[in-house]
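*Asks:* Questions regarding the structure given below will be posed in turn.
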Ligand code: ADP
């Protein structure tokens, strides 16, 4: 099972990714989490990306693509994965296609969570109080939204044209959204 979960910052990708991945018995792989862990542990990678994360821009494709190619080759990912927060650029879409070319199957589905921008900003500001993520401040949130709209939102059209896209309303309780995702995946994958 190879799945992607996409959508703007704050839409709940990470929360939903954990439940879906557990359901299918595959790892949930979040590029944001990988980068944050590296920043926390002050690795070479962490030092390279820390300022970019703080500013809310995208890590360069060559770095991100290498991180993901490496991660999806790990033994726990041979039977599939759910990628959360990747791909986010057209270059990442191609790199993922290439990285999968050696396997026996391509993507099964792409879940796109949707929500109104004002609500997302509100959620992220609340998350700042709870989790204290450095990039959840008003200015950085604005930048992350703008980068998402410009670089990542158009990628949904690519997956729509491949007939992989499942658009799911991300507004509601965690359980409600989870049920919508499960229903959409069941309808597509049986
Ligand atoms: P969110 O979706 O809420 O913005 P993430 O945890 O997915 O949060 O990502 C946090 C940050 O990590 C991004 O703002 C960006 O700097 C970096 N990042 C994560 N995934 C990618 C990616 N695929 N390409 C480039 N940068 C990324």
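The values are calculated or read from the model by the stated rules, or taken from the named source; none is laboratory data. Given the structure is predicted, the values throughout are model-derived calculations rather than measurements. In this analysis, Cβ positions are derived from the backbone assuming ideal geometry, glycine residues included, and neighbour counts consider all displayed protein chains.
*Asks:* Can you name the condition, by its number, that residue 163 falls short on among (1) in a helix (DSSP H, G or I); (2) more than 20 Å from residue 28 (Cα to Cα)?
*Replies:* The failed condition is (1).
*Asks:* Something else: Does the stretch 1-30 hold any residues that are more than 21 Å from residue 115 (Cα to Cα) and in a helix (DSSP H, G or I), and which are they? Explain how you work it out, then say what you get.
*Replies:* Residues of the stretch 1-30 more than 21 Å from residue 115 (Cα to Cα): 1-2, 21-29.
Within the stretch 1-30, 21, 22, 23, 24 meet the criteria.
*Asks:* Given the residues 103, 85, 132, 57, which is the only one that is modelled with pLDDT of 95 or more and surrounded by fewer than 18 Cβ atoms within 10 Å (Cβ to Cβ)? Can you show your working first?
*Replies:* Details: 103 fails: modelled with pLDDT of 95 or more; 85 fails: surrounded by fewer than 18 Cβ atoms within 10 Å (Cβ to Cβ); 132 fails: modelled with pLDDT of 95 or more.
Within the list 103, 85, 132, 57, the selection yields 57.
*Asks:* Filter the stretch 68-105 for residues that are near the ligand (Cβ under 9 Å from one of its atoms) and assigned to a helix (DSSP H, G or I); which is nearest to residue 6 (Cα to Cα)? Can you show your working first?
*Replies:* Within the stretch 68-105, the subset near the ligand (Cβ under 9 Å from one of its atoms) is 68, 83-89, 92.
Add one more test, that the residue is assigned to a helix (DSSP H, G or I), and what stays is 68, 92.
Numbers: 68: 15, 92: 13 Å.
So the residue we want is 92.
*Asks:* Quick check on residue 151: is it over 17 Å from the mean Cα position of the chain (by Cα) and touching a residue at least 12 places away in the same chain (Cβ under 8 Å)?
*Replies:* Working: over 17 Å from the mean Cα position of the chain (by Cα): no; touching a residue at least 12 places away in the same chain (Cβ under 8 Å): yes.
No, not satisfied.
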